[in-house]
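Please read the structure below before turning to the comments.
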Amino acid sequence: MESLWLRSPHTPLVRPNHHRMSRPVPVPAPARARSCSRSRQMKMPIFKATMSKPTAEIASAVASRENTLHSHSPTSPVKKVSPTSLQYPSGCLGAVPDPTVNDDDDGDNIVNAMSYLTNILASKVYDVAIESPLQFAPKLSERLGVKLWLKREDLQPVFSFKLRGAYNMMAKLANDQLQRGVICSSAGNHAQGVALSAKTLGCDALIVMPITTPEIKWQSVKRLGAKVVLVGDSYDEAQAHAKRLAKDEGRTFIPPFDHPDVIMGQGTVGMEIIRQVQEPLHAIFVPVGGGGLIAGIAAYVKRVSPQVKIIGVEPSDANAMALSLHHGERVILDKVGGFADGVAVKEVGEETFRLCKKLVDGVVLVSRDAICASIKVRLLKDMFEEKRSILEPAGALALAGAEAYCKYYGLSGENVVAITSGANMNFDKLRMVTELANVGRQQEAVLATVMPEKRGSFKQFCELVGPMNITEFKYRCSSDKEAVVLYSVGVHTVAELEAMQERMESSQLKTYNLTQSDLVKDHLRYLMGGRLNVENEVLCRFVFPERPGALMKFLDSFSPRWNISLFHYRGQGETGANVLVGIQVGKQEMDEFHSRASSLGYDYVLVTDDNNFQLLMH
């Protein structure tokens, strides 16, 4: 084993250094008030699986805290919150844990820190995984003014880092446990990691997947030798079934992130980065779902190189870790955006959160458009040309966060690492990426202009657009007085766009910038063709599961009880379809409508009063 410069074994877990930022972090007022709160009544996990001795020491310490805590207070329910309750500018480092809080379990921290470190160093993940390359990204580095490195976990045998954690846990199972077999629930990369690990170790693997899982994914798992069972419409239903089978058949359940051995396996990514980087490193950007990858990386890096920032990156509509750090306790999202399905997690792990609140430096939030932009720029300018590899949305998440952070803080000349965590992309999602990437890169803007319905107005509009390139244009005469034009223009600079808007406004053509509206980009841009006021129309956005019968189940809930006045379907791949629906429901019938919508079981939100809908459709 190579020699390492380590901190004293008598030092507690190293806390991140939060005060060395290039400028203050402008967290919104509600977040600023609560971001430093820290609950000491945290429920900690008890792990009951067979573990190696160092891992068992961690579980023993955690269980000790659990018993002490429960002797004083009952378990409180986990708070449910909305992703929109914590939003801040893209690139801003938010959800920063409070470094001044002193925990009462420093003795346990010493044991845990050393146990994580030694277990990561001794991990056997290389029986099945590769030491992924750390590649310099010259074009992105030049554009951002930093030295950007990509940790290519998308080059693993199953195209994802998930293989590391699954194998590390399974390799530590006793022979009798391997003989009884393993089981997991997953719709993606974890399933393939468990399947390949089981094949390598010669044990039987049963993978429970939702029936909505695309055939290409469950066929990939079967090709690795695992048995596949399709159960339930959602991941939660599949997981519940998997845990029942584990108990009934005596199989060992392999969790996707919330287990010390899984976390340690993922921690080998951090070990490799520290070994591969030859210059001082400013930060490592890590995609965050349940927290296993960032917890493992932080557990190693903060022990060996505590000056390196560990920064999580989450989609703005799937920010469970940011919200948990903000509230000082684990929370559950009431809904979660599914575009980056690899990190679409409603609740982070108990052990992963315990480590993250001590070790990470904060979380950057990025939009769906920014993720698409990062995929496309790597696809077109570097990765596909050189490696014929296409990142999945979750795989490009850290890259999007690193770009946004470097721009926000004006970073210059620093070394930063972004982990490209996966490359299991499907063509349905790739279509969305190509459509939204220019918006995310701020190279295209979506606008609406109200112009008078008279001769010459269309020509006047085109003259005012000037030299800007129109990439999309939709217009339909809708009244005798005025019309709304929806269009997209290529943008080179913000000043260029603002100048065009000023030309429109000075000519009494009211112009709206709709670039940030998902409702417009997903639905309304395709529905232009005249406006109409429909009596008692309730407008909703539903997420339909991608499976046969989903539409009929919806229609059985609402038709013929009410008339459907609008319907626009927008597929997103395996994560489900965005559907915009108009239904004529009287005010006195709204309680019944909500009851039926809730019983349907599809996520939905009312958008009847959305200003952009009123502008374009009414």
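The values are calculated or read from the model by the stated rules, or taken from the named source; none is laboratory data. Given the structure is predicted, the values throughout are model-derived calculations rather than measurements. Here Cβ is always computed from backbone atoms with ideal geometry, including for glycine, and neighbour counts include all displayed protein chains. These accessible areas exclude ligands, DNA and RNA; they are computed on the full protein's heavy atoms, side chains included. Shrake-Rupley method; radii C 1.70, N 1.55, O 1.52, S 1.80 Å.
Annotations for the structure displayed:
- So Ile254, is it under 30 Å from Ser412 (Cα atoms), modelled with pLDDT of 90 or more and out of contact with any Asp or Glu (no Cβ under 9 Å at 6 or more places or on another chain): no
- Taken as a whole, the range 214-227 holds at least one residue that is of a type outside the set (D, E, K, R), open to solvent by 30 Å² or more (accessible area, probe 1.4 Å) and modelled with pLDDT of 90 or more.
- Enumeration of residues in the range 140-171 that are assigned to a loop (DSSP other than H, G, I, E, B) and more than 14 Å from Tyr126 (Cα to Cα): Gly145, Val146, Phe159
The rows are residues; the columns are (1) under 19 Å from Ser82 (Cα atoms); (2) buried (at least 24 other Cβ atoms within 10 Å of the Cβ); (3) modelled with pLDDT of 90 or more.
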{"residue": "Leu281", "(1), (2), (3)": "no, no, yes"}
{"residue": "Ser305", "(1), (2), (3)": "no, no, yes"}
{"residue": "Ile332", "(1), (2), (3)": "yes, no, yes"}
{"residue": "Ala340", "(1), (2), (3)": "yes, yes, no"}
{"residue": "Val348", "(1), (2), (3)": "yes, yes, yes"}
{"residue": "Cys356", "(1), (2), (3)": "no, yes, yes"}
{"residue": "Val366", "(1), (2), (3)": "yes, yes, no"}
{"residue": "Asp382", "(1), (2), (3)": "no, no, no"}
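- Whether a residue is closer than 28 Å to Tyr235 by Cα, small (Gly, Ala, Ser) and surrounded by 24 or more Cβ atoms within 10 Å (Cβ to Cβ) was assessed, and Gly328 does not pass this test.
- Matching residues, the range 187-212, being of a type in the set (S, T, N, Q) and open to solvent by less than 10 Å² (accessible area, probe 1.4 Å): Ser197
- Pairing each residue of the range 446-459 that is under 20 Å from Leu514 (Cβ atoms) with any residue that is open to solvent by 50 Å² or more (accessible area, probe 1.4 Å), provided the two are 6+ apart or on different chains, yields C-beta distances under 6 Å for Leu447/Asn513; Ala448/Tyr512; Val450/Glu482; Val450/Lys510.
- Residues that are in a loop (DSSP other than H, G, I, E, B) and either modelled with pLDDT under 85 or at positive phi (or both) occur in the range 553-571; there is at least one.
- Considering the range 430-547, the qualifying helices (runs of 4 or more DSSP H), each wholly inside and each with 1 or more residues that are modelled with pLDDT of 80 or more and out of contact with any helix residue (DSSP H, G or I) (no Cβ under 8 Å at 6 or more places or on another chain), run over 457-465, 494-506.
- Boolean, Cys184 is in a strand (DSSP E or B) and more than 26 Å from Gly549 (Cα to Cα): yes
- Boolean, Val579 is within 26 Å of the chain's Cα centre (by Cα) and either modelled with pLDDT of 85 or more or in a helix (DSSP H, G or I) (or both): no
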